[in-house]
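Quick notes on the structure that follows.
The values are calculated or read from the model by the stated rules, or taken from the named source; none is laboratory data. As the structure is a computational prediction, the values presented were derived from the model and not from experiment. All Cβ positions, even for glycine, are placed from backbone atoms using ideal geometry, and neighbour counts span all protein chains on display. Only protein heavy atoms, including side chains, enter the accessible area calculation; ligands, DNA and RNA are left aside. Shrake-Rupley method; radii C 1.70, N 1.55, O 1.52, S 1.80 Å.
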Amino acid sequence: MIRFSEGPEIRDTKAPAGPVEERWEKRKFSAKLVNPANKRKLNVIVVGTGLAGGSAAATLGELGYNVKSFCYQDSPRRAHSIAAQGGINAAKNYRGDGDSIYRLFYDTVKGGDFRARESNVYRLAQVSVNIIDQAVAQGVPFAREYGGLLDTRSFGGAQVSRTFYARGQTGQQLLLGAYQALERQVAAGNVTMYTRHEMLDLIVSDGRARGIIVRDMVTGEIERHVADAVVLATGGYGNVFFLSTNAKGCNTTAIWRAHERGAYFANPCYTQIHPTCIPVSGEYQSKLTLMSESLRNDGRVWVPLRKNDDRAPGDIPDEERDYYLERIYPAFGNLVPRDIASRAAKNVCDEGRGVGPGGLGVYLDFRDAINRLGRDAVEKKYGNLFEMYERITSENPYEVPMRIYPAVHYTMGGLWVDYDLQSTIPGLFVIGEANFSDHGANRLGASALMQGLADGYFVLPTTIGDYLASGPFGDVDEESVAAAEIKVRSKIDRLLSVNGERTPDSFHRELGKLMWDYCGMERTEESLRKALERIPELREEFWRDVKVTGTAEELNQVLERAGRVADFFDLAELMCLDALVRTESCGGHFRAESQDADGEALRDDENFAHVSAWEFSPSGEPVLHKEPLEYEYVKMTQRSYK
C-alpha cells in the first residue's frame, strides 16, 4: 500500500512582484546588509566545492565572513563539475544572431516544459552575462574566434549560439577559476578547507540550521562543526540509478539528511537522460561516460532504415539512412533538447534499428563536417573528446561514426528553496544541482554551469546576507548537536554489525537496474507500482544481508558506500512515489499513459502546473505540498521543436 498525505500549499514569498526584469534588482535593494565588522563575527559552512560550492565559499570569504568549506574528495579540484565538457550559456549575443536575456529566459522556461518559476529563470538569464566576465577576469581560457572575440556555439533547445566553451573541458577550466579564487581566500585566512570530510547529518537548533556532523574519511573520527548558516552545494542524485555519467562518489546523503531534518524535497522524479553517452559495454561497468552535447553541433544522428541492419556504417548509403532527428524535428534538427533526443533514440532502438551490441545505440556521424570544414577544424573544436572516445571504444571517430545511447545524467529535482535559495529550514541554503533548480522538468545543455556559478558568485552572497543580518543567533543547543552525533554513530554501528553476505555495490547495482527499468526513460503506473513494492523488500534485504568489512576508525570505502546506498533506497522510494502521483508527461518525466498522437510528452497544466514539495514523515507517509506555478510572461503551450 502506497501512502502519502497532502498538506497546505507552499509559496515562495521572497520573489518581489512587479515587472520580471526588475525583480532581482528590487530584491537586492530590499535585502538587509551586514556591515564589514559584523561579517567577521559570522560563520558560514559550505558543503561541496564544485562550481556552486567553490564559487560561493570564495565569494563569501571575499566578503569577510568566516567560512568552513568541506568536500569528500582529496582536493576541491576533484569536484564533479570538472567533468562538464561542452560549455556554459550566457545571453551576451556576441554573434548578433537575435539572442537576448529575454530569449534565454524563454528558451529555458520552454526547455523545462513550463515547470520552472519565471522569477528564478529570468534572474538566471540576467546574471549569466556577468558570469562570463567573472570567468575571463579569472583567466578561464574560453575559445576565441579569428578576431579575438570569445567564440560561441549552439546547444540543444536553442536556435542561437550562446554557449561559451573551452574545447571539451569547459567545466574543468571554470572549476579551476573558482578553485583559484577559493585558495586565495584560504591563504588569506577567510576560508578553512576540510578535504576528505563527508557530511553525515545536519544540526538543527532552535529551528535553524546551525552546523553539520562530518566523518573524517581518513581517520574515521566523527566531528562537530557549528555556524550561523549552512550552505549545501553537494550536487545531484543521479547515481541512484547506479549506472550514470556521474562520478562514482556522487551521492544523496547530504540533501537526504537535510530532508529528514525538515527540508522539503522538490520534484524528485525529474531526472535528465542525456542522449549522447557511450553505450553500456558489459556487466562489469560501474559508471558511464558522457560525450558532450556540443558534438551535436556538427555530428549528425542516424540509424539504418532497415531493421537489424548489421552492415558497417560506411557500407550503408545515404538513401538507406534515417537521420531521424532532422526528419522529425526539421526546425531544430540534431539540436533538439536532451529529453526529446533521448526518447527519439530509444524509439528507433525499440523498433529494431539500433546499432552496436544488443542494438542499443545510434550513430553520431562527423563525415559531413569533416568534408565541409576539414579534419583540422573539427579537431580544434572537439579533439580531446574524439581522443577520449577512441581510448574507451578503440574506434576512431574521424573514420567511423561514434555510437551513442541515452543515459542518466542530471537531476532537476532537489531540496526546495525560495527565491533567496533558502530551504524550508531557516539558515539552510541550497545551491547548484542540490536544489530543485531553475530548470523545471528538463535542463537545457550548458545551463548547469550557468546555474552553479550564478548561485555561487552572485545570488547566494546577496541573499544569505539578508538572513545573517539578523544574527549572530546565540549558542547552539548542545542537546541538538549530541542527538545528531548519536544518530550518525548509531547508523555506522548498525552498518558494521549486520555482517551479511552481499557487498554494498551488489545492492546498489540491483537498485539501479530496478530504477532504470521501472522509473527510467519511460514510466507507467504499472512499472512504478512494481518499483514501490520491490524497493522496500530490497531495502530490508540490505539491512539483513549487507557486509561491511573493516572498522569505523580507519579509511573504509566499503563503509562509505554502504551509507550512501542506504540513503539511495529511501530516495528511490520517494522518486517513484513522486512519479506515480504526477500522472502527466513533462520534460524528463515521461508517463507512457500521457502522450499525444505523435508520441510526444503530453502535459496536464490544469492539474500539475505546480512544484511537488515533499515533507519527510518519520511514519513513512510523506506529506505533499504543492507550489502553484504562474506564468505572466511566457504562455504555456505544447512544446514543439518541429
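One table, with the values for the structure above:
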| item | result |
| --- | --- |
| Relative contact order of the chain, defined on C-alpha pairs under 8 angstrom at six or more residues apart (%) | 21 |
| Net +/- balance of residues flanking N93 in space, Cβ distance below 9 Å, scoring K and R +1, D and E -1 | +2 |
| Square roots of 5 times each gyration tensor eigenvalue, C-alpha, the chain, largest first, Å | 37, 29, 25 |
| Accessible area expressed per residue, the range 279-386, with surrounding protein chains retained (probe 1.4 Å, Å²) | 44 |
| Å² of accessible area per residue within the range 456-610, as computed with a 1.4 Å probe and no ligands counted | 42 |
| Dipole axis of the range 1-147 (+1 Lys, Arg; -1 Asp, Glu on Cβ), positive-most option in A116, A57, A15 | A57 |
| Rel. contact order, % - alpha carbon contacts under 8 angstrom, at least six apart, the range 73-231 | 23 |
| Simple Cβ-charge dipole of the chain, Lys/Arg +1 and Asp/Glu -1, about Cα centre, in debye nearest 20 | 1260 |
| Per residue accessible area in Å² of the range 154-253, where ligands, DNA and RNA are left out and the probe is 1.4 Å | 28 |
| Gain on full stretching of the segment that runs from Y633 to S470 - 0.36 nm per residue minus C-alpha separation | 55.2 nm |
| Point-to-point label distance, S640-R502, nm (Cα→Cβ direction, 7 Å offset) | 4.9 |
| Protection proxy ranking, peptides 120-127, 462-469, 131-138, 162-169, average beta carbon neighbours within 10 Å, highest first | 120-127, 162-169, 462-469, 131-138 |
| Carbon + sulfur, % of accessible area of the chain - ligands and nucleic acids excluded, 1.4 Å | 48 |
| 15 Å beta-carbon shell around A609, net charge (K/R +1, D/E -1) | -2 |
| Dipole of the chain, positive direction: furthest Cα of F590, V280, V191, with charges on the beta-carbon | V191 |
| Cβ-Cβ FRET estimate between E533 and V400, R0 fixed at 51 Å, reported to 0.05 | 0.70 |
| Ranked by how many other beta carbons lie within 10 Å on average, peptides 182-190, 108-116, 347-355, 206-214 from highest | 108-116, 206-214, 347-355, 182-190 |
| For the range 1-104: rounded, prolate or oblate by the Cα gyration tensor [a/c cutoff 1.5] | rounded |
| Distant-in-sequence amide H partners of V44 (H built 1.01 Å from N, under 5 Å) | N66, V67, K68, D228 |
| Cβ-placed point charges (K, R +1; D, E -1), dipole of the range 303-430 about Cα centre in debye, nearest 20 | 60 |
| Computed helical MRE - 222 nm, the chain, DSSP H runs ≥ 4 contributing -39500 (n - 2.57), nearest 500 | -11000 deg cm²/dmol |
| The chain: antiparallel DSSP beta bridges as a percent of all, rounded to 5 | 70 |
| Burial ranking of peptide ranges 429-436, 383-390, 249-256, 142-149 (average Cβ count within 10 Å, highest at the top) | 429-436, 249-256, 383-390, 142-149 |
| Simple label model, 7 Å out from Cα along Cβ direction - R391 to V218, nm | 2.7 |
